[in-house]
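Peer 1: Got a structure here, written out as structure tokens. Questions coming.
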Amino acid sequence: MQAAVTGSLVDRSTNPNVPIATEEIVQASLDAWRAGAAIVHLHAREEDGTPTQDVERFRPVVDALRAAGCEAILNLSTGSAGGRVKGVPKRWQCLELEPELASFDCGSLNFGEWLFENPLPFLRDMARAFRERGVKPEIESFDVGHVQTAIRLRDEGLLDDPLHFQFVLGVRGGAPGTVEAAMFMRSLIPSDATWSICGIGRAQLPMNMLCLMQGGHLRTGLEDNAYYHRGCYASSSAELVERLVRIAGEVGRPVATPDETRAILGLVP
Ligand code: ZN
């Protein structure tokens, strides 16, 4: 299970409990790990809370988590910090911190009013950077074509099997958070690939349930969804993690530890 604790598109107006300061992001990550998250997905923010891809803003978060003995797999964002950073190496500078995983947004889409730009030449350069650093890409697929693009890059020899997909469903401009969309995307991935769904907003819990039923993996957290119940803010990502730990245990798919997750994803220690 993965916890996405802060993101780049949410702030205190989305949910008053979103961690913004470095210490808050570190604490939210530790809490989510202790609650049962094997992977923590991280974005960085400037001191005033503005999302950034500056490696020097990722560094204190990563250093603090490692110093605190956090065993969770760290998954750093190579996104555009909410459209602020265009397709340049700065997007993936955080790979120098050598996380085990990092997001790899495998195609472009209309995201709100702006274009999330991930053209093929940029993706090829980014794939090479992942390989140089020994970081496994988490292939974020917002739509069907993004899955196809990942397979194309695999066929070009730039991404390695087994691929790991994160279907990001429910963003307007991308595929919806429905059973039909999710199952069609899963039908396209290689048989040895692993997959998870990041359901946005109200799609989060239903997509979690679908993953439990269909052999996918879990992701939750305030980056994706502000609410515990309709109209009721989640108090933390850890609270959302705790709910999934309970449900997964009840349906016979107990959540994996960080080391079990490393084995599932084929991460080299
Ligand atoms: Zn993210």
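Peer 1: First select every other residue whose beta carbon is under 15 angstrom from the beta carbon of Met213; then total the charges, Lys and Arg +1, Asp and Glu -1. Don't skip to the answer; put the middle values down first.
Peer 2: On the way: positive: Arg186, Arg253; negative: Glu180, Glu250.
Result for the local shell: 0.
Peer 1: With r defined as the distance between the Cβ atoms of Glu180 and Asn110 and R0 fixed at 22 Å, what FRET efficiency is calculated, to the nearest 0.05? Don't skip to the answer; put the middle values down first.
Peer 2: On the way: r = 21 Å, r/R0 = 0.96.
Result of the calculation: an efficiency of 0.55.
Peer 1: Can you tell me the length gained on complete extension of the stretch Gln148 to Leu120, counting 0.36 nm per residue apart and subtracting the Cα distance?
Peer 2: Details: separation 28, 0.36 × 28 = 10.08 nm, distance 1.18 nm.
Here the answer is 8.9 nm.
Peer 1: State whether the stretch 2-265 is rounded, prolate or oblate according to the following rule on the C-alpha gyration tensor (a ≥ b ≥ c being the square roots of its eigenvalues): a/c under 1.5 gives rounded; otherwise a/b larger than b/c gives prolate, and the remaining case gives oblate.
Peer 2: Numbers: a/c = 1.27, a/b = 1.07, b/c = 1.19.
Because its axes are fairly even, with a/c under 1.5, the stretch 2-265 counts as rounded.
Peer 1: Taking R0 as 25 Å, what's the FRET efficiency between Arg202 and Glu24 from their Cβ-Cβ distance, rounded to 0.05? Can you show the working numbers first?
Peer 2: Working: r = 25 Å, r/R0 = 1.01.
For R0 = 25 Å, the calculated efficiency reads 0.50.
Peer 1: Each label point is 7 Å from the Cα along the Cα-to-Cβ direction; what then is the distance between the points at Asp161 and Arg246, in nm?
Peer 2: About 4.1 nm separates the two model spin labels.
Peer 1: With the chain treated as a Gaussian network of Cα nodes joined by springs under 10 Å, which of Leu97, Leu212, Leu115 yields the largest mean-square fluctuation?
Peer 2: So, out of Leu97, Leu212, Leu115, the one fluctuating most is Leu115.
Peer 1: Now for a separate question. Does the stretch 1-159 come out rounded, prolate or oblate, given a ≥ b ≥ c as the square roots of the eigenvalues of its C-alpha gyration tensor, rounded meaning a/c under 1.5 and, failing that, prolate meaning a/b above b/c? Walk me through the intermediate numbers first.
Peer 2: Working: a/c = 1.77, a/b = 1.39, b/c = 1.27.
Prolate is the answer for the stretch 1-159, as a/c is 1.5 or above and a/b outweighs b/c.
Peer 1: Tally Lys and Arg at +1 and Asp and Glu at -1 over the other residues with C-beta under 14 Å from the C-beta of Tyr228: what net charge comes out? Can you show the working numbers first?
Peer 2: Details: positive: Arg202, Arg230, Arg243, Arg246; negative: Asp224, Glu239, Glu242.
Net charge in that neighbourhood comes out at +1.
Peer 1: So what is the accessible area of the stretch 126-269 per residue, in Å², with the probe set to 1.4 Å?
Peer 2: Counting only protein heavy atoms, the per-residue value for the stretch 126-269 is 46 Å².
Peer 1: A further question on this structure: In whole Å, how far is the Cα centre of the stretch 61-113 from that of the stretch 178-212?
Peer 2: Each part's Cα centre sits 22 Å from the other's.
Peer 1: First compute the accessible area of the chain with a 1.4 Å probe, then give the percent of it belonging to carbon and sulfur atoms. Could you put the intermediate results ahead of the total?
Peer 2: On the way: 5830 of 11420 Å².
Roughly 51 percent of what the probe reaches on the chain is carbon or sulfur.
The values are calculated or read from the model by the stated rules, or taken from the named source; none is laboratory data. Keep in mind that what you see is a predicted model, and the values were worked out from it rather than measured. Note that we place each Cβ from the backbone using ideal geometry, even for glycine, and neighbour counts take in every protein chain shown. Please note that ligands, DNA and RNA were not included when accessible areas were found on the heavy atoms of the full protein model with its side chains. Shrake-Rupley method; radii C 1.70, N 1.55, O 1.52, S 1.80 Å.
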